[in-house]
Each structure stands twice: as C-alpha cells, then as structure tokens.
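Enquirer: I'd like to ask you about the structure that follows.
Any read-out appearing in this document is the output of simple, stated calculations on the displayed coordinates, not a laboratory observation. Note that the structure is predicted; figures quoted are calculated from it, not measured. No Cβ is skipped: glycine too gets one built from the backbone with ideal geometry, and neighbour counts run over all protein chains shown.
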Amino acid sequence: MFTDRVTVYLKAGDGGNGCASFRREKFVPKGGPDGGNGGKGGDIIFKTDPNISTLLDFYYQPNIKAPRGKHGSSSNKAGRSGKDVTVKIPVGTVIIDPVTKRTIHDFVTADESKVMACGGRGGRGNACLKSRRNPLPREGEPGHPGEEATLLLELKLLADVGLVGFPNAGKSTLISHLSAARPKIADYPFTTLSPVLGTVKYDVYKEFVIADIPGILEGAHDNVGLGHTFLRHIERTKVLVFVIDMGSHEHLDPVKDYRILEDELRFHKPDLITKPRIVAANKMDLPDAADRLQLFLDSGVHEKETVFPISAIAGEGLKELQNAMIQKVEEIKREQCDS
C-alpha cells in the first residue's frame with residue numbers, strides 16, 4: 001500500500017528528577033548535600049533514508065515516543081540520559097503543522113536530519129542547588145517534560161519529469177518503455193492507483209527520474225475520480241509531459257483534453273502551470289489519430305516544436321520524446337547551477 005499522507009504524534013522523553021541526598025562522613029560536620037542531577041530525556045530525530053519510498057510505517061505506528069532520563073542518585077551520581085530515537089523517513093517528506101498548515105521543514109536531500117521534538121532537561125540534584133543562603137537544600141528539582149507535537153507528514157516525490165494525462169492515455173505504457181518501472185497496465189481506467197517512479201538512463205553516468213501519477217479527470221478539484229490527491233507528487237518536477245490520447249473514441253477533441261488538464265493543474269497549484277511542458281501525442285497508430293493531431297497543432301494551444309507524436313504501445317517516436325525530455329532537464333539543471 002502506497003501511503004503519502006499521515007498524521008503522527010511525537011512525545012520526547014521527560015528529564016529525570018534530581019536527587020535529594022546527604023552524605024554521612026566521619027569528621028564532616030552535618031555532612032552535606034550530594035544528590036545527583038537527573039538525565040536528559042531522549043530527542044526524536046527525523047532522518048531521510050533514500051531506501052524508503054512511502055510513509056506506510058507511520059500508518060500502522062503513528063505514535064512515537066522517546067525514553068525518559070534516569071533520576072539522579074546519591075553520591076553525586078547523575079542519571080543516564082534517555083536514548084534519542086531516530087525515525088527514518090523518505091526523501092521528499094514535508095513536515096506540516098496540522099493546525100496552521102505551516103511548513104515546519106522540507107526534507108529534500110538524502111541523510112538529512114532534524115530534531116523534531118526535544119527531550120526535557122534533567123532536574124538538578126540538591127548538590128547543585130546548594131548556595132550560601134541555602135547550604136542544605138532538602139529537595140531536588142523535578143525533570144522538565146519532553147516536547148510533544150502532532151505533525152502532518154506529506155510525501156512529495158522527487159522526480160525530474162512528471163507524466164500528466166487522463167486515465168488510459170498511455171502514461172503507464174510510456175514509463176514502462178522509457179524505464180525499468182513496471183506499473184500495472186490494463187484496458188480500463190485508473191489502473192494506476194498510486195504514483196510510480198522510473199529511472200531513465202541516457203549516458204554512462206547520467207539519468208533522470210520520471211514519475212507517473214494516476215489519471216486526472218475533469219472536475220478532479222471537486223474530487224471527481226481520484227481528485228487532486230496525487231498532484232503534489234509533480235510539484236517538484238522540472239518538466240511536465242502532457243500525454244494526450246489522439247486515437248481513442250473516448251477523447252475526440254485533444255484540444256479540450258489539453259485545456260482540462262491545464263485547468264486542473266491550475267486549480268491545484270497555479271505554479272504548476274508555469275513549468276516547462278512537452279506534449280506526447282499518444283496512440284498515433286490508431287485510425288483518425290493523424291487528423292486529431294493536425295487539429296491540435298492548428299489550434300495553437302501548444303508550441304508545435306514540443307509536440308511529439310508517439311505510439312507508446314508500439315514503441316514508436318519514443319527516442320525523439322526522450323531526447324526532448326533530456327534536453328529540457330539538462331537545460332533547467334544548468335540554469336539552476338548558474339543562479
């Protein structure tokens with residue numbers, strides 16, 4: 001099961017209590033305070049792990065607690081600190097305050113770590129509380145409570161290219177030809193129910209990541225079909241590829257389909273519509289596909305130079321489409337390095 005949104009409860013460890021104790025030594029009049037300090041409570045640390053791709057573990061275990069610090073004891077013995085708890089999360093996880101919806105932290109690199117809940121400080125023993133005014137303190141400080149937090153975790157996949165299209169437009173077939181990804185492919189809508197990532201290698205040491213998300217329907221912003229649930233996974237992509245069905249009897253107007261996809265992206269997040277775009281005119285092996293492609297080109301809704309007629313199932317035109325993706329990705333990477 002692919003899980004990309006979950007709420008968790010964190011409770012860092014409480015600090016140990018300080019000890020109230022008095023030593024009894026020969027030739028030491030009235031002895032003296034020797035209570036040790038309590039140990040610090042354990043922190044809860046989130047750390048990204050590139051080998052994890054879902055938030056499924058949190059779905060079954062949403063409560064995360066760290067151990068408390070040990071209490072101080074006599075003879076100035078400090079309590080042991082509670083052990084920190086390191087929680088592994090996938091790269092691309094966004095930590096959000098569920099009340100204010102404010103982004104607390106965005107984990108975008110591998111092995112990135114951050115303390116999300118601090119353990120409480122241990123209380124001081126009466127040996128540390130001794131002063132000129134109070135030479136014989138008879139109580140130690142209680143430990144401080146560890147931080148508590150309820151957080152919303154959202155996963156946004158890190159991909160260079162995102163495939164966008166209606167159900168059965170051929171996105172899954174396309175990603176299976178371009179990469180080693182093997183999504184479910186069948187002749188009915190919504191065979192893709194969760195995002196799929198694939199790696200496209202185009203040089204000895206070069207590659208880019210392509211993401212296929214479930215199909216979008218008109219009215220997805222009103223929860224038609226699967227709604228906008230998975231559109232967050234293309235928010236980080238550098239390039240969007242609109243996969244338009246040119247041959248199916250269900251999609252007779254490719255211009256209308258293109259505009260619907262634009263509108264749904266805009267409803268989800270206006271920034272998506274500003275990303276560089278390529279159109280993959282799919283199913284060109286079917287009758288009437290050439291006429292619909294010409295209709296699309298003549299409409300002027302998209303630049304002709306970045307419209308690529310393909311047949312994903314037959315493997316035709318994929319090399320030209322892949323080269324266009326590579327060129328766009330490389331161009332954007334160069335711009336990011338220069339800025």
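Enquirer: Work out how much length Val115 to Ile52 would gain on full extension: take 0.36 nm times their residue separation and subtract the Cα-Cα distance, in nm to one decimal. Write down the numbers at each step before the final one.
Expert: Values: separation 63, 0.36 × 63 = 22.68 nm, distance 1.92 nm.
Length difference between fully extended and current span is 20.8 nm.
Enquirer: Hand me the chymotrypsin sites (Phe, Trp or Tyr not before Pro) from region 1-64 located in a DSSP loop with no more than 13 other Cβ atoms within 10 Å, in residue order please. Mind dumping the intermediate values first?
Expert: Values: sites: Phe2, Tyr9, Phe22, Phe27, Phe46, Phe58, Tyr59, Tyr60; in loops: Phe2, Phe27.
Filter output for region 1-64: Phe2, Phe27.
Enquirer: Can you work out the Karplus-derived ³J(HN,Hα) for every residue in region 40-48? Use 6.51 cos²θ - 1.76 cosθ + 1.60 with θ = phi - 60°, whole Hz, and x for glycine or proline.
Expert: Taking θ as phi minus 60°, the curve returns 6, x, x, 7, 10, 10, 9, 9, 6 Hz for region 40-48.
Enquirer: Taking the DSSP beta bridges in the chain as the whole, what percent of them are antiparallel, to the nearest 5? Don't skip to the answer; put the middle values down first.
Expert: Details: 28 of 53 bridges.
The antiparallel proportion sits near 55 percent.
Enquirer: Still on this model: Return, for the Cα atoms of the chain, the radius of gyration and Dmax in Å, separated by a comma.
Expert: Spelled out, the Cα radius of gyration and Dmax of the chain are 29.2, 107 Å.
Enquirer: Now a separate question. Where a ≥ b ≥ c are the square roots of the eigenvalues of the C-alpha gyration tensor, would you call region 5-155 rounded, which needs a/c under 1.5, or, failing that, prolate if a/b is larger than b/c, or oblate? Could the numbers behind the result be given before it?
Expert: Details: a/c = 3.98, a/b = 3.19, b/c = 1.25.
Prolate is the answer for region 5-155, as a/c is 1.5 or above and a/b outweighs b/c.
Enquirer: I would also like to ask the following. Can you give the FRET efficiency to the nearest 0.05 for Arg133 and Ser74, using r as the Cβ-Cβ distance and R₀ = 30 Å?
Expert: Working: r = 23 Å, r/R0 = 0.78.
Efficiency for this residue pair is about 0.80.
Enquirer: Which lysines, on any chain, are close to Lys114 with Cα under 26 Å apart, when same-chain ones fewer than 8 places away are left out?
Expert: Straight-line reach from Lys114, under 26 Å: Lys11, Lys40, Lys47, Lys65, Lys70, Lys83, Lys88, Lys101, Lys156.
Enquirer: Around Phe22, which amide H atoms from residues at least 5 apart in sequence, or from another chain, sit under 5 Å from its own amide H, with H modelled in the peptide plane?
Expert: HN-HN under 5 Å from Phe22: Asp34.
Enquirer: Within the chain, what's the longest stretch lacking trypsin sites (Lys or Arg not before Pro) that sit in DSSP loops with no more than 14 other Cβ atoms inside 10 Å? All intermediate terms of the calculation are to be shown ahead of the outcome.
Expert: Details: sites that count: Arg24, Lys26, Lys30, Lys83, Lys101, Arg102, Arg132, Arg133, Arg138, Lys184, Lys206.
That gives 207-339 as the longest site-free run.
Enquirer: Also: Can you give the extra length, in nm with one decimal, that the chain gains between Asp203 and Arg102 once fully stretched, where that is 0.36 nm per residue apart less the Cα-Cα distance? Intermediate values should be presented prior to the final figure.
Expert: Numbers: separation 101, 0.36 × 101 = 36.36 nm, distance 4.02 nm.
Contour length minus the Cα-Cα distance gives 32.3 nm.
Enquirer: Using alpha-carbon pairs under 8 Å, 6+ residues apart, how would you state the relative contact order of the chain in percent? Write down the numbers at each step before the final one.
Expert: Numbers: 905 pairs, mean separation 51.9, N = 339.
It comes to 15 percent, rounded to a whole number.
Enquirer: Which percent, nearest 5, of DSSP beta bridges in region 238-339 are antiparallel?
Expert: Values: 1 of 10 bridges.
Here the share of antiparallel DSSP bridges comes out near 10 percent.
Enquirer: When DSSP beta bridges are limited to those with both residues in region 5-155, what percentage is antiparallel, rounded to the nearest 5?
Expert: Numbers: 21 of 29 bridges.
That works out to approximately 70 percent antiparallel.
Enquirer: When the chain is fully extended, how far beyond the present Cα-Cα distance does Lys83 get from Glu148, taking 0.36 nm per residue of separation?
Expert: On the way: separation 65, 0.36 × 65 = 23.40 nm, distance 1.65 nm.
Extra length from Lys83 to Glu148 when fully extended: 21.7 nm.
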